[in-house]
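Trainee: First, the structure itself, so that you have it in front of you.
Every read-out reported here was derived from the displayed coordinates using simple, explicitly stated rules and does not represent laboratory data. Since the structure is predicted, the reported quantities are computational estimates derived from the model, not experimental observations. Heads up, the Cβs are rebuilt from the backbone with ideal geometry, glycines too, and the neighbour counts pull from every protein chain shown.
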Amino acid sequence: MIALGSGEPTKAICSTLIARAFQSIRYPILPQITKEIAEDADCDGCVREILHIRHHSLFTPRDFDVSPYFAVIKPSLEGGFDHRRLVWGAPGEMA
């Protein structure tokens, strides 16, 4: 059922572990959001959002990328990456 090495089962296991770690400190990943009328005498008709934790086994690597609660950091881009300075081999040539 679970293959060792690379592939989809490994991605699912890693995402589950990471999701469990963040959920253990109640940090949001991609919560389900419901809205309800706030019971506040000073704010008639105000709506508040209620976050609901999804089960940790339902997360995929993409969820962390699209989550508004995480910044995707790519060090090569932050350090002034310039694609025009890359040296490419001839097509079909492999070192």
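Trainee: Normalised by the residues of the chain, what does the relative contact order come to in percent, with Cα pairs under 8 Å and at least six apart? Don't skip to the answer; put the middle values down first.
Mentor: Working: 79 pairs, mean separation 24.7, N = 95.
Averaging sequence separation for qualifying contacts and normalising by length gives 26 percent for the chain.
Trainee: Which Cys residues of the chain have no other Cys beta carbon under 4.7 Å away?
Mentor: Result for the chain is CYS14, no neighbouring Cys Cβ within the cutoff.
Trainee: Turning to a different aspect of this structure: What does the C-alpha gyration tensor say about the overall shape of the chain? Classify as rounded when a/c is under 1.5, otherwise prolate if a/b is larger than b/c, or oblate.
Mentor: On the way: a/c = 3.82, a/b = 1.79, b/c = 2.13.
It is oblate, given that a/c is not under 1.5 and a/b is not larger than b/c.
Trainee: Please give the calculated 222 nm ellipticity per residue for the chain, where each DSSP H segment of at least 4 residues contributes -39500 (n - 2.57) and the sum is spread over every residue; nearest 500 deg cm²/dmol?
Mentor: Details: 3 runs with 27 residues, N = 95.
Per the formula, -8000 deg cm²/dmol.
Trainee: Using only the alpha-carbon atoms, how far is helix 8-24 inclined from the longest principal axis of the chain? Give it as 0 to 90 degrees, nearest 10.
Mentor: Relative to the chain, helix 8-24 is tipped by roughly 40 degrees.
Trainee: Now, a different point. If the elastic network links every pair of Cα atoms under 10 Å, which of ALA71, ALA38, ALA19 fluctuates the most in the Gaussian network model of the chain?
Mentor: In this elastic network of the chain, the residue with the biggest mean-square fluctuation among ALA71, ALA38, ALA19 is ALA38.
Trainee: Treat every Asp and Glu Cβ in the range 8-85 as -1 and every Lys and Arg Cβ as +1, leave all other atoms uncharged, and give the resulting dipole magnitude about the Cα centre to the nearest 20 debye.
Mentor: Details: 10 positive and 11 negative charges, 135 e Å.
My answer is approximately 640 debye.
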